[in-house]
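Beneath this line is the structure, given in structure tokens, with notes to follow.
No value in this document is a laboratory result; all are computed from the given coordinates. This structure is a prediction, so every number in the text was calculated from the model and none was measured. Cβ coordinates were reconstructed from backbone atoms using ideal geometry, including for glycine residues, and neighbour counts include every protein chain displayed.
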Amino acid sequence: MKITHVWFDIGYTLLYMKREVTYQKALRAFGADIPVDILEKEFHIVDKLFMREYPGVLLKGRGVYMPWFLGILNYRLGISINLAELDAHWEKIQMDTDNYWVPFGNVQTVLADLKADSRRLGVISNWDDTARDILKNAGIAGYFDFFIISAEVGINKPEPGIFEKAFEAAGVDPRQCLYIGDNYYDDAVGSKKVGMPVLILNRFGTLGVEEIKDVPIIHDLTQVKDYLA
């Protein structure tokens with residue numbers, strides 16, 4: 001069955017945070033200087049740890065998960081800093097940073113190519129009520145025909161209901177759809193429950209997702225076109 005609809009996760013599939021550069025600034029205020037490329041790798045590893053071992057925790061408030069997250073991250077980085085003071089300083093830097101969420105470099109090209117190929121596009125994302133504004137500010141909202149946001153529909157991935165809302169909105173069979181996300185335990189598990197093909201995007205090869213064997217892993221969004229060919 002031909003794939004007519006392509007659905008995307010938002011965070012770390014389409015957009016990324018300026019978290020490494022802002023965290024580097026925060027660390028420097030406490031006397032630690034870690035290169036951005038190392039921070040990118042270590043943030044990625046801890047992201048995947050939380051996705052695998054503590055599903056749903058990253059949807060909680062900052063005060064619930066961030067000290068825990070930073071404790072593991074800093075341990076891996078070999079640094080010991082008061083977490084409350086560090087996080088408060090980092091949060092201030094984040095709030096003072098314009099356009100904190102930005103699209104990955106090839107996102108607009110990939111979306112434009114899919115639209116040119118007569119695919120209909122949508123997002124299915126665990127996100128709060130800022131999702132549409134963030135996509136608009138990132139300059140990519142106009143590519144999408146459908147927006148299925150957990151805060152709006154009251155259902156989170158990997159529950160089947162959020163995906164079923166998408167199929168209902170689009171009037172499409174799940175077998176005619178493809179989902180692309182970075183979180184196996186939300187994105188692949190949920191997609192498989194409803195019979196939708198799925199790709200997991202992991203820009204660091206298999207780093208952090210070594211256990212995944214049952215779905216295709218891509219390393220760049222440009223590979224979506226090859227999959228659909």
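Miscellaneous remarks
- Placing +1 on the Cβ of every Lys and Arg and -1 on the Cβ of every Asp and Glu, with no other charges, gives the stretch 46-131 a dipole of roughly 340 debye about its Cα centre.
- Shown for Thr13, Thr206: other C-beta atoms within 10 Å of each C-beta, ranked fewest to most, produce the order Thr206, Thr13.
- Nearest 10 degrees, 0 to 90: helix 36-53 Cα axis against the chain principal axis: 60 degrees
- Cα centroids of the stretch 147-178 and the stretch 211-229: 21 Å apart.
- Shown in residue order for the stretch 102-111 are the 3J(HN,Hα) couplings computed by the Karplus curve 6.51 cos²θ - 1.76 cosθ + 1.60 at θ = phi - 60°: 9, x, 4, x, 9, 4, 5, 5, 5, 5 Hz (x for Gly and Pro).
- Dipole magnitude for the stretch 157-229: about 120 debye, using +1 per Lys or Arg Cβ and -1 per Asp or Glu Cβ, origin at the Cα centre.
- Under 15 Å from the Val64 label point (7 Å along Cα→beta-carbon), backbone N, the stretch 1-44: none
- Each label point was placed 7 Å from the Cα along the Cα-to-Cβ direction; for Asp173 and Ala84 their separation is 5.8 nm.
- Our note on the geometry: Cα centres of the stretch 19-52 and the stretch 97-143, 24 Å apart.
- Other-chain or far-sequence residues with amide H under 5 Å of Phe147's (modelled H): Val123
- Computed [θ] at 222 nm, helices only, for the chain once each DSSP H run of length n ≥ 4 contributes -39500 (n - 2.57): -13000 deg cm²/dmol
- For the chain, with +1 on Lys and Arg beta carbons and -1 on Asp and Glu, the positive-most of Ser125, Asn137, His5 along the dipole: His5
- Order of Tyr12, Tyr179 - criterion: other Cβ atoms within 10 Å of each residue's Cβ, fewest first: Tyr12, Tyr179
- Across the stretch 192-201, coupling constants 3J(HN,Hα) worked out from phi with the 6.51/-1.76/1.60 Karplus curve, θ = phi - 60°, read 5, 4, 9, x, 9, x, 9, 10, 9, 9 Hz, and Gly and Pro carry x.
- For the residue pairs Lys115/Lys213; Lys2/Lys213; Lys41/Lys193; Lys192/Lys213; Lys2/Lys225, alpha carbon separations beyond 19 Å are given by Lys115/Lys213; Lys2/Lys213; Lys41/Lys193.
- Once the chain from Ala151 to Met17 is taken as fully extended at 0.36 nm per residue, the excess over their C-alpha distance is 46.2 nm.
- Length-normalised contact order for the chain - Cα pairs under 8 Å, 6+ apart - percent: 25 percent
- Legend: ranking of residues Val57, Val6, Val194 from fewest to most surrounding C-beta atoms inside 10 Å; resulting order Val57, Val194, Val6.
- Most positive-pole-ward Cα, Pro197, Gln176, Val209, against dipole of the stretch 171-211 from beta carbon charges: Gln176
- Toward the positive end of the charge dipole of the stretch 19-95, with +1 on the Cβ of Lys and Arg and -1 on the Cβ of Asp and Glu, the farthest Cα among Leu49, Gly61, Gly71 is that of Gly61.
- Label point distance in nm, Glu211-Ala32, each placed 7 Å from Cα along Cα→Cβ: 2.6 nm
- Check: the chain dipole with +1 on Lys, Arg Cβ and -1 on Asp, Glu Cβ, in debye: 240 debye
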